[in-house]
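Notes follow the structure.
The values are calculated or read from the model by the stated rules, or taken from the named source; none is laboratory data. Worth saying up front: this structure is predicted, and the values here are computed from it rather than measured. Counting neighbours? That spans all protein chains shown, and the Cβs are built from the backbone with ideal geometry, glycine included. Just the protein is used for accessible areas: all its heavy atoms, side chains included, with ligands, DNA and RNA removed. Shrake-Rupley method; radii C 1.70, N 1.55, O 1.52, S 1.80 Å.
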Amino acid sequence: MINKINTLQEYHEAYQECIDNPEHFWHQLARKFIWRRPWHTVLEWDFIKPEIKWFDGGGLNITENCLDRHLETQPNKTAIIWESNDPNEASVTYTYKQLHAKVCELANVLKNLGVQKGDRVCIYMPMIPELSMALLACARIGAVHSVVFAGFSSRSLSDRINDADAKVVLTTDGSYRGAKAIDLKGIVDEALLDCPNVQSVLVYQRTNTPVSMQGGRDLWWHDEIAKVDTHCEPVIIGSEDPLFILYTSGSTGRPKGIMHTAGGYMVYTAYTFKNVFQQQEDDIYWCTADIGWVTGHSYIVYGPLLNGATVLMFEGIPTWPDNGRFWDVIDKHQVTIFYTAPTAIRSLMAGDHSPKSTHSLNSLRILGTVGEPINVEAWEWYHEHVGRGNCPIVDTWWQTETGGMMISPLAGITPTKPGFATLPLPGVQPALLDENGKEIEGNGVEGKLCIKFPWPGMARTIWGDHNRFRETYFSAFPGYYFTGDGCRRDADGYYRITGRVDDIIIVSGHNLGTAEIENAIDEHELVNETAVVGYPHPVKGFAVYAYVVLFAEAAGKDHDALRKEINESISAIIGPIGKADKIQFVTGLPKTRSGKIMRRILRKIAEGETDNLGDTSTLLDPGVVEEIMRGKV
Ligand code: WT7
């Protein structure tokens with residue numbers, strides 16, 4: 001159904017076509033979907049305001065394209081294969097027909113709870129098929145889903161529920177992660193103490209652990225499902241109506257509710273999935289991300305289902321019950337396309353958890369990576385030990401804000417180079433900018449990565465704060481979308497992402513704002529002031545290094561005990577993913593005369609690079625730096 005590029009020459013042609021006539025290019029692609037109302041304008045855009053509209057005037061429901069359309073051609077094809085955390089628990093499969101019925105039922109339950117088009121529904125669930133169903137059920141009735149990764153703390157959850165003003169929350173009694181069982185409902189209960197607008201909580205029974213159910217608010221999923229049937233007409237929404245909100249860390253403490261709309265996102269995720277993975281009818285596709293992140297939204301739920309693919313969903317972790325779990329799952333389900341993150345690859349290679357000779361892995365056809373730059377060593381290990389030397393690797397660069405992949409090889413078509421995301425996909429026009437905002441032309445250059453033309457999958461706003469959307473992405477370089485990443489374009493015109501150039505640290509593939517972590521640390525009663533930076537870590541990519549100034553009252557307190565308390569505070573406020581690997585207590589932070597913390601210096605010290613600290617002439621008190629260097633942990 002979706003146009004597939006088959007050769008490198010076809011790629012170059014498609015790329016050129018999309019530069020010459022983007023509207024025609026995307027119009028032709030969009031026509032392949034089910035629309036209930038035609039669009040009047042393919043594209044309207046302004047990167048200053050900013051305002052971006054794709055297929056405006058069009059009306060659709062994305063679930064008709066993910067589900068209903070396949071009922072005519074392949075009702076009995078497997079849509080979802082679910083693999084439990086526990087290898088001894090039977091896997092579960094849903095055909096497209098069964099998934100359609102489940103989604104319609106759940107959509108009817110949401111309607112019974114009073115959810116209407118445009119209402120926000122918060123989803124806080126583990127990786128079970130009902131999580132995919134939850135997103136689709138919202139989309140079925142035109143409600144806006146806001147999925148919160150089920151590893152976030154109750155505080156993070158309540159902030160996100162309130163920011164989106166969600167009135168319904170979907171969750172489970174508990175969840176499993178390796179050997180751990182987590183009391184999800186308890187976390188929701190705690191979060192809801194601060195969420196006066198939530199009217200109902202629908203609870204799916206996953207662990208059968210006892211939970212408290214608040215009368216008039218909390219309902220069992222199975223009780224409500226028993227009251228409805230499997231017919232639910234899709235609610236038609238506008239192309240530019242919101243499909244979902246997904247929170248991502250920002251440079252200031254507050255997370256940003258990235259908003260995506262229905263029409264462009266649908267076309268873009270479907271097109272990129274098909275082409276980057278060169279997906280075929282009989283592929284078994286496995287993306288190891290959690291649906292709580294954009295990778296899961298776009299490439300576990302929407303992209304694959306729009307293409308009628310078979311998707312494997314995994315509840316567990318790579319290291320439980322042992323380090324061979326990924327390889328076991330690949331063999332068990334004969335996975336053909338495997339998409340994971342560099343941090344997972346590095347953690348498995350570090351402990352020599354390579355697939356053993358007892359693992360066949362010969363079902364694999366294509367490998368993918370996403371989330372952070374992949375180092376050459378990890379790329380080569382992945383290629384050799386997992387791909388057995390004969391699976392192309394697609395290193396896909398993109399962001400929550402881009403909705404879908406932007407710079408990536410097409411599997412088996414684009415010649416790859418370890419560490420390079422290679423070439424932009426059709427419709428993506430990258431630009432490298434220098435410090436003065438001037439575009440750097442030619443090859444063999446490095447700069448800040450911007451995009452100079454809209455693509456259908458791009459975010460439209462930050463929920464409730466369009467001003468922040470403009471300031472974050474469109475003000476550093478007027479007329480361009482600024483990604484926050486640094487990038488090199490080599491002699492062959494290939495792109496290599498070099499990492500963040502802003503105050504975001506990517507720890508094990510998760511974005512964290514330094515300000516967000518600083519705020520969490522500052523909440524400790526003995527902490528006066530904090531500065532957080534990232535430093536390179538062999539498995540996590542980057543880890544958190546915190547410089548902490550204590551109040552006088554802390555004198556004599558045990559430093560290791562304090563470190564533990566500080567990390568507990570981060571865990572409670574953000575979640576365990578935000579914990580600091582290193583905490584150094586200092587008497588002051590290096591500041592400029594105007595009071596700005598010189599993070600550049602702190603970053604260098606954390607990296608262990610103390611010989612050349614750069615220009616320190618604007619420092620208020622150079623003595624502070626000496627002290628910090630001496631006390632490095
Ligand atoms: C940031 C976006 C895209 C889904 C997961 C992350 C980094 C992502 C790559 C890659 C180098 C990458 C960038 C980007 N990143 N993929 N293949 N090579 N860096 O989404 O949480 O919004 O993070 O992840 O720094 O800006 P996200």
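For the reader, a short list of remarks on this structure follows.
- The stretch 506-546, residues that are within 16 Å of the ligand (Cβ to nearest atom) and of a type in the set (Asp, Glu): GLU516
- Residues of the stretch 300-335 classified as touching a residue at least 24 places away in the same chain (Cβ under 8 Å), over 30 Å from ASN61 (Cα atoms) and out of contact with any strand residue (DSSP E or B) (no Cβ under 9 Å at 6 or more places or on another chain), total: 7
- Filter result (open to solvent by 50 Å² or more (accessible area, probe 1.4 Å) and among the small types (Gly, Ala, Ser)) within the stretch 216-239: GLY216, ALA226
- Every residue from the stretch 138-175 that is open to solvent by less than 10 Å² (accessible area, probe 1.4 Å) and in contact with a Pro (Cβ under 7 Å, 6 or more places away or on another chain): ARG140, VAL144, THR172, SER175
- Test: residue in the stretch 16-37 that is modelled with pLDDT under 95 and at negative phi: no
- Residue in the stretch 481-503 that is in a loop (DSSP other than H, G, I, E, B), in contact with a helix residue (DSSP H, G or I) (Cβ under 7 Å, 6 or more places away or on another chain), modelled with pLDDT under 95 and under 30 Å from PHE152 (Cα atoms) present: yes
- Within the stretch 462-505, considering residues that are within 13 Å of the ligand (Cβ to nearest atom) and hydroxyl-bearing (Ser, Thr, Tyr), the one most open to solvent (accessible area, probe 1.4 Å): THR498
- The condition of being within 21 Å of VAL103 (Cα to Cα), part of a strand (DSSP E or B) and more than 24 Å from the chain's Cα centre (by Cα) holds for only one of VAL169, VAL203, that being VAL203.
- A search for C-beta distances below 8 Å between a residue of the stretch 15-27 that is closer than 14 Å to GLN429 by Cα and any residue that is in a helix (DSSP H, G or I) and open to solvent by 70 Å² or more (accessible area, probe 1.4 Å), counting only pairs 6+ apart in sequence or on different chains, returns GLU17/HIS24.
- Just one of the listed residues (PRO418, PRO430, PRO409) is touching a residue at least 40 places away in the same chain (Cβ under 8 Å), within 13 Å of the ligand (Cβ to nearest atom), of a type outside the set (Gly, Ala, Ser) and open to solvent by 30 Å² or more (accessible area, probe 1.4 Å), and it is PRO418.
- Looking across the stretch 380-400, the residues that are surrounded by fewer than 22 Cβ atoms within 10 Å (Cβ to Cβ) and outside any loop (DSSP other than H, G, I, E, B) come down to GLU380, TRP381, HIS383, GLU384, HIS385, ILE393, THR400.
- Failed item in (1) in a loop (DSSP other than H, G, I, E, B); (2) at pLDDT 95 or above; (3) within 22 Å of TRP398 (Cβ to Cβ), with PRO373 passing the rest: (2)
- Scan of the stretch 176-191 for residues that are in a helix (DSSP H, G or I), surrounded by fewer than 21 Cβ atoms within 10 Å (Cβ to Cβ) and not acidic (Asp, Glu), ordered by number: GLY186
- Within the stretch 537-563, the set of residues being under 21 Å from the mean Cα position of the chain (by Cα) and part of a strand (DSSP E or B) comprises HIS537, GLY541, PHE542, ALA543, VAL544.
- Test: residue in the stretch 240-261 that is of a type in the set (Ser, Thr, Tyr), in contact (Cβ under 8 Å) with a residue 24 or more places away in the chain, assigned to a strand (DSSP E or B) and closer than 17 Å to GLY118 by Cβ: yes
- Check on GLU525, open to solvent by 10 Å² or more (accessible area, probe 1.4 Å), of a type in the set (Asp, Glu), in contact with a Gly (Cβ under 8 Å, 6 or more places away or on another chain) and outside any strand (DSSP E or B): no
- Candidate set: the stretch 98-122, residues that are among the polar types (S, T, N, Q) and outside any loop (DSSP other than H, G, I, E, B); chosen: the one surrounded by the most Cβ atoms within 10 Å (Cβ to Cβ): ASN108
- Matching residues in the stretch 272-297 - criterion: being of a type in the set (Phe, Trp, Tyr), more than 13 Å from the ligand (Cβ to nearest atom) and open to solvent by 10 Å² or more (accessible area, probe 1.4 Å): none
- Pairs where the first residue, in the stretch 386-399, is farther than 18 Å from GLY484 by Cα and the second is near the ligand (Cβ under 6 Å from one of its atoms) and assigned to a loop (DSSP other than H, G, I, E, B), C-beta under 9 Å, 6+ apart: VAL394/VAL370; VAL394/ALA421; ASP395/VAL370; ASP395/PRO373; ASP395/ALA421
- Selected residue (only one of ILE366, ILE317, ILE300, ILE374 is under 22 Å from ALA90 (Cβ atoms), within 16 Å of the ligand (Cβ to nearest atom) and of a type in the set (Val, Ile, Thr)): ILE300
- Residue pairs meeting the criteria (Cβ under 6 Å; at least 6 apart or on separate chains; first within 14 Å of HIS231 (Cα to Cα), in the stretch 88-117; second among the acidic types (Asp, Glu)): VAL109/GLU224
- Odd one out for LEU425, checked against (1) buried (at least 23 other Cβ atoms within 10 Å of the Cβ); (2) within 11 Å of the ligand (Cβ to nearest atom); (3) under 26 Å from ALA30 (Cβ atoms); (4) not acidic (Asp, Glu): (2)
- The criterion of at least 1 residues that are more than 26 Å from the chain's Cα centre (by Cα) and under 21 Å from GLY142 (Cα atoms) is met, among strands (runs of 3 or more DSSP E) falling completely within the stretch 1-84, by 51-56.
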